[in-house]
Structures are given as C-alpha cells and as structure tokens.
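First up is the structure itself, then whatever we jot down about it.
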C-alpha cells in the first residue's frame, strides 16, 4: 500500500476499563492521567453519588451529586448499571450514557469500587477489563490519606479499616498494578488498554478486512 494512503480504522466495540483500589492507592490520579492523554481517547463514566461534594469537586465532572431519594428512584427504574454503598454513601453508574457510548465504539473508564466492579463483570463480562491498584505498603497508604487536606482523622481511620477487606478482592481482577511509582503505573495501565483494543473478539470489523485481503487483486 502506498505511504500516501491511510487504512480505514477497523470497526471495533468499545471496552469498559474498570479501575479499583483501596482509598488512597492512586486509582483516581491514574484515571485522571488516562483521560488527559488525548491519543488514548478515553471517556469517563461519571458516577452518581449521594455523598457530600468536596470543595475541589465539580458537579457533573467528578460526580453527579444527587439525593438519596433520587438514587432510590433511579435504582427502582433500572436506570443503574451498577451501584454500591461505600463509607455510608451510595455510588452508581447510570445505564443510558454507557450503553450509548458502547454502541459507538467509545472506550469508557470506570473509577469504581470492588462491589461495582463485581456487578459489571456479572452483567457484561465480555466488555469489562478490570484493573486493581495496590499500594506498595500499608504505611504508604496511610501517609497518602493524611496528605489529603480534605480527609478528617475519623475519615482516615474509617478508610484504613476498610482497606484490608477491599484489598482481599484483588484476585477477582484481570490485571494488578502495584503503584509504587505513578509514572510506571500509568504506563502499565496504558499498555493494558492498547493490548485489549487489539483483541480479536473486540474487533468485528476484522471480518470485512480479512475478506478484503483475500479478495484483493494483486495481478
């Protein structure tokens, strides 16, 4: 093929990248870096939550902040793809925007906990690629939580108490990243995305491409 010609993209189905970790292990930072990497073209699935908005958060960007009653109405109407109760608050993924994105072949990023990830795997296992982020040490996890000016001492204690039970879920995930170096952890997650995009079963357009190869008249 001449260098001046460009092959048309092969049609594929979008993947659903689920990133989970105990609080403070770095999943939100890695998720933000993935979204800011424009060549990756990832879109964030913005969750709804009933917890209070932190000062640094923007409604509709970090979360859709809703009341408990609104959450219950969405759950009863089957408008949620997954939901979980974490630290006394509800978090959930709205169904409609995700289904629309997947139909367009858009890759979606989900920054959710292990409970939500389990529901995702149960409902749509072929579309989910799950990554669990581990801290290098528990002491480092505590230090990271303390560096957050937004967390109170009681909140830190509560999150650390839950961290061990959350870490026990690591065997349910496809990929495990130990976040002792943020740049390396990001590169590893990026490599997972690139590899998963090349999977044969995610690329229905390969049938037409291969047929075209076999039918090509090369004289």
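Assorted remarks:
- Residue ID - farthest from residue 15 (Cα to Cα), chosen from residues in the range 178-193 that are free of Cβ contacts under 8 Å to residues at least 60 places away in the same chain and touching a strand residue (DSSP E or B) at 6+ places or on another chain (Cβ under 8 Å): 178
- So residue 162, is it touching a strand residue (DSSP E or B) at 6+ places or on another chain (Cβ under 9 Å), at pLDDT below 95 and buried (at least 17 other Cβ atoms within 10 Å of the Cβ): no
- Only residues that are in contact with a strand residue (DSSP E or B) (Cβ under 8 Å, 6 or more places away or on another chain), assigned to a helix (DSSP H, G or I) and at pLDDT 90 or above were counted in the range 1-58, giving 4.
- Of the residues examined, residue 68 is not one that is in contact (Cβ under 8 Å) with a residue 60 or more places away in the chain and farther than 23 Å from residue 30 by Cβ.
- Residue that is more than 30 Å from residue 103 (Cβ to Cβ) and touching a residue at least 40 places away in the same chain (Cβ under 8 Å), where the choices are 203, 137, 159, 197: 159
- Of the criteria (1) within 23 Å of the chain's Cα centre (by Cα); (2) modelled with pLDDT under 90; (3) surrounded by fewer than 13 Cβ atoms within 10 Å (Cβ to Cβ), which one residue 168 fails: (2)
The values are calculated or read from the model by the stated rules, or taken from the named source; none is laboratory data. Because the structure is a prediction, the values reported are computed rather than measured. Cβ atoms come from the backbone with ideal geometry, glycine included; neighbour counts cover every protein chain shown.
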